[in-house]
Amino acid sequence: MREFPKEFLLGGATADFQYEGGFNEGGRGLHSHDFETSGSVDCLRQISLKLKDGSRGTVNYRDSLPDGAEARLYDDIYYPSHQATDFFNHVEEDIGLMAEMGFQVYRFSICWSRIYPTGDEDMPNEEGLEFYDKVIDELLKNNIEPMITICHDELPFYLCKTYDGWSSRHVIDCYVKYAKTLFERYKGKVKYWITFNEINAVGGYAQIGTHKQDHQTHYQAVHHMFVASSKAIQLGHQIMPESMFGTMFALSEIYPATCHPEDIFAAYQKRRESLFFVDVMARGKYPNYTKEIFERKNIHIIKEKDDDQWIKDYPLDFISFSYYRSTIADRHSTFDIMGGDVNPYLELTPWGWPVDPLGLRYCLNELYDRYQKPLFVVENGLGAVDILEKDGSIHDDYRIQYVNDHLAQIRDAITIDHVPCFGYTMWGWIDVVSLSTGEMKKRYGFVYVDMDDNGKGSLKRYKKDSFYWFQKVIKSQGKIIHGGKE
């Protein structure tokens, strides 16, 4: 029976604004996701606004804000990120559950506004640092490797309101100051760092802080993130020579819809447009095909003289990515870099996502062939409606099957294809608030949290059947996984 290499790390992942809570505790400032309402698969989440004339309004969370509007909180609206599933008050209990499963690694994000409440302060918030001291020390006590995402789709609200988020170069300096604080605080404790989450998929006020979401604004903001990442990597290697840095990319696989040459080329172009972000950060320069993309979208990146040098000199050490599904493209497709048409050969999740485990092996090979850098699968999982039985059990065989089938393909990529993938963190190891819909009923975790879509419930934790299954996966270093090339 085949198994993962001994150095392969198995664990789970979360994001602070979907899990941590404690939004008005410990000196934490407001951040960009705090203004997002709940939603559903049929109704996008909204950002609550104060409009130019003083009245209330909302806008879809990935759309531009109306002229003169600003994000505003209202007492009669439920904002899922404020409580989330309350890791802030369940640190020891939740890390105890990770340890019980045998986690070897836990990927989590630091809340930027918990460290710098506005982002513009000269000195960090000590209470915020002490909270993460507790988290990291508790992980290390339980022999769990921390993997920190420095910026997981958020920034302090003050930087959005005052500087228009990542459209401003000022935010680069704020980010580097914030990263330096983390590096100096946690050197010797944290080896693996991720500078940004899903940088190829971020968009909207809540994720990049820009009031407008046109192509020019978006790609200019991302350029500033490229530079910020390189500056953080330079600083991180200087302060922590043993550290490794990656950025996280959303990499749903894209297949041609047919073998028609125009469909094949259309899929190729869409894939390049998605991998552009990895090309810049892993290879250290803007690729030649960028010219076509920018001409087509009427984009002109404004750079300072040293920007390209920073990007060239400090590329990524490893590539981390999420993988949930695959899509298809043809010559008529108009989807964005993450969207796509449904593959008729694949089954769908309850939320309409195609299930394609082999696509993960394909993606791992594609990335290593292209970049020759170590890989890490930092997000993968199944959102589903789970039923809490009267005896406290949750029978989620569908999740076990989903994770098993994807782990089998990772194992094949490593042991058959010799792809250097060094870890896997299952997304939402514990139930968290859904990013896209703000729901709780779309559950991902090995651990069930008693909370409904309106934030009501005891927050009590219950172990699902998948909890015990993943415990066996880790203990056997993957020997119990079935499927793939046995």
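Give me the percent relative contact order of the chain, please, defined on Cα pairs under 8 angstrom at least 6 residues apart. Don't skip to the end; give the middle numbers.
Details: 1020 pairs, mean separation 88.9, N = 486.
Contact order relative to length: 18 percent.
Grab the Cα-Cα distance for residue 64 and residue 459, subtract it from 0.36 nm times how many residues apart they are, and report the gain in nm with one decimal.
Details: separation 395, 0.36 × 395 = 142.20 nm, distance 3.46 nm.
Computed gain between residue 64 and residue 459 is 138.7 nm.
Only bridges with both residues in the range 3-146 count here: give the DSSP antiparallel percent, nearest 5.
Taking every DSSP beta bridge within the range 3-146, about 60 percent pair in antiparallel fashion.
When the helices in the chain are scored as -39500 (n - 2.57) per DSSP H run of 4 or longer and the sum is shared across all residues, what 222 nm value do you end up with, to the nearest 500 deg cm²/dmol?
My calculation for the chain gives -10500 deg cm²/dmol from helical runs alone.
Pull out a ≥ b ≥ c, the square roots of the eigenvalues of the alpha-carbon gyration tensor of the range 323-446, then state rounded if a/c is under 1.5, prolate if not and a/b is larger than b/c, and oblate in the remaining case.
Oblate, since a/c reaches 1.5 and b/c is not below a/b.
Normalising by the residue count of the range 217-361, find the relative contact order in percent from Cα pairs under 8 Å and 6+ residues apart. Working shown, then result.
Values: 192 pairs, mean separation 48.1, N = 145.
In percent, rounded to a whole number, it is 33.
May I ask you to sort 229, 393, 168, 109 by Cβ crowding, counting other Cβ atoms within 10 Å and putting the fewest first?
Lowest count first: 393, 168, 109, 229.
Output the relative contact order of the range 1-148, whole-number percent, from Cα pairs under 8 angstrom with separation of 6+ residues.
31
Kindly identify the chain as rounded, prolate or oblate by the Cα gyration tensor criterion: order the square roots of the eigenvalues as a ≥ b ≥ c, call it rounded if a/c is under 1.5, otherwise compare a/b with b/c, prolate if a/b is larger, else oblate.
Rounded shape, in that the Cα axes give a/c under 1.5.
Taking 0.36 nm per intervening residue step and subtracting the Cα-Cα distance, what contour gain separates residue 365 from residue 471 on full extension?
35.4 nm
Round to the nearest 0.05 the FRET efficiency obtained for residue 309 and residue 212 when R0 = 30 Å and r is the Cβ-Cβ distance. Write down the numbers at each step before the final one.
Numbers: r = 29 Å, r/R0 = 0.96.
Calculated value: 0.55.
Separation of the range 255-288 and the range 134-152 by C-alpha centroid, Å?
After rounding, the separation between the Cα centres reads 35 Å.
In what order do 43, 363, 111 fall by count of nearby beta-carbon atoms within 10 Å, going from fewest to most?
On the way: 43 12, 363 23, 111 26.
The fewest-first ordering by Cβ neighbours comes to 43, 363, 111.
Give the cross-link partners of residue 312 among the aspartates and glutamates, using a straight C-alpha distance below 18 Å as the criterion and excluding same-chain residues fewer than 8 apart.
Cross-link targets: 279, 304.
Quick one: how many lysine pairs in the range 104-188 have C-alpha atoms under 26 angstrom apart, if they're 8 or more apart or on different chains?
8
Based on other C-beta atoms within 10 Å, arrange 150, 299 from fewest to most.
By the 10 Å Cβ count, ascending, the order reads 299, 150.
Taking every DSSP beta bridge with both residues inside the chain, roughly what % is antiparallel (nearest 5)?
Details: 15 of 51 bridges.
Of all bridge pairs located within the chain, approximately 30 percent are antiparallel.
Taking the Cα centre of the chain as origin and charging only Cβ (+1 Lys, Arg; -1 Asp, Glu), how large is the dipole, in debye to the nearest 20?
For the chain, the charge dipole is close to 880 debye.
Every read-out reported here was derived from the displayed coordinates using simple, explicitly stated rules and does not represent laboratory data. If you're wondering where the values come from, they're calculated on a predicted model, not measured in any experiment. Glycine also receives a Cβ, built like all others from the backbone with ideal geometry; neighbour counts cover every protein chain displayed.
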